[in-house]
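Working notes, beginning with the structure itself.
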Amino acid sequence: MNEHPTPPEHDHDQEPHDEEASASTAAEKSAVALPTSVLALGFIAIALVGVIIAMTIKSSRPGTATAAASEETDPAMREAKAKMQMLQTSVNQERTKLGLSPLYGQTTESAEAVAARITEDAATLVDMAKGVKDLIARKDAELDQRTKEWTDAVKLQGVLREQMNRLQAELNKALIDGSDATGLRTQLEAANKRIISLGDEIRRLSQGSGALAQITAERDDLRARVAELESRLSQATLFAGSESELLKDAVALFRRLRELENKPDSEIATAYSQFGAQLGANVLDKIDFPTGVSDVAPELHDKIASFPAQAPDNALLVVIGYASETGNVDGNRTLSSERATAVARILDQAKKPGQRVQAVYLGQTDRFGSKFPERNQISEIWQIIPRSDDNSSSDSTPPPLRPLPPMPGQ
């Protein structure tokens, strides 16, 4: 019994937090960068306005012509002009970084007009900084909400993983000690519903982050695990080791066939002809096996797989395994059970949703040819149509689980 190991649990919680931290850090940097530029530009503007005003006041004093003439030889004036030029260049660079047009260059504006425009630009930049802060606050709130949704989805995954592990352990126990599979099927139905719920959560978050790809991948893995459990559950109920494990509709046929052992050929032929009317049972075919072999020949697979399509939707297909009397009794009992199960597996894979399949064995026999042992190395495929007045047979096997919903975009 090959078991698929439980996939390693990734630390999904860490990835959303890392993304949140990166987004928060970037936002904080943006929030700090713009006000710092605005503050620097404001200081430069204030200094520049002061220089311009000082030069304006000095130029308006009497003897301006003389002052202008001596300006070239006055070190203080040259230093003031150089400082003003540096401030103008710095202001233009800062305005360019912020997407504003240069303020100084070829201009005929007065010092008062330039100072007024600098003040107005500074106020505009302050408003822009406030708007950016508000935008960052809104984005932080959206990021917090999205992180909460991711965390909830990861929690759902953890709960589902625990439930799947528990169901795996219970299925293994059921396969070992032959416990009733109906309860396990009910639990699988509950697991199926949880997966559907997780699918709804993933679709709701389908416009979110790349972390959803990991949630989706794990959901797909869980769906595959459920399919595997259903397959193994079907195999657990496919073979009946005794009459008590048979589906109710097959019990009467099994008893009648067992009673025919060592009966004359004429009585066996008569009983077979009456089974249709009495039990609603008919032989569809006999599958031959070589001596000591329980594998179905490859050329017979398609033939066996065609029987469910030809049978009614509510048919029960029962495979009875036999072996010849050559060899050990216990070995022939095992060989006949393996032959019946091999044929039943092919039928089970091809059956319709409402059909049922079961395998059982009757061990070694000579009823099909006492003089030719190889004629008894067979499996019979019986078709049983449940009687309409017998509703109890519907309790033998629960209805199949609902199929899982498709993933978004499939």
For this session: Can you tell me which residue among Asn328, Asn376 is of a type outside the set (Val, Ile, Thr) and either at pLDDT 95 or above or closer than 22 Å to Arg256 by Cα (or both)?
Result: Asn376
For this session: Determine if segment 49-58 includes at least one residue that is modelled with pLDDT of 70 or more and either surrounded by fewer than 16 Cβ atoms within 10 Å (Cβ to Cβ) or touching a strand residue (DSSP E or B) at 6+ places or on another chain (Cβ under 9 Å) (or both).
Result: no
For this session: From (1) over 42 Å from the mean Cα position of the chain (by Cα); (2) more than 21 Å from Thr365 (Cβ to Cβ), pick out the condition that doesn't hold for Asn282.
Result: (2)
Seminar exercise, completed: Picking from Ala240, Ala190, Ala211, the residue that is buried (at least 16 other Cβ atoms within 10 Å of the Cβ) and modelled with pLDDT of 75 or more would be Ala240
Seminar exercise, completed: Picked from segment 298-337 (must be over 25 Å from Lys248 (Cβ atoms) and acidic (Asp, Glu)), the residue farthest from the chain's Cα centre (by Cα) is Glu325
Exercise. So is Lys286 in contact (Cβ under 8 Å) with a residue 60 or more places away in the chain and touching an Asp or Glu at 6+ places or on another chain (Cβ under 6 Å) or not?
Worked result: yes
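The values are calculated or read from the model by the stated rules, or taken from the named source; none is laboratory data. Note that the structure is a prediction, hence the values are computed from the model and not measured. Quick reminder, even Gly has a Cβ in these numbers, built from the backbone with ideal geometry, and neighbours come from all protein chains shown.
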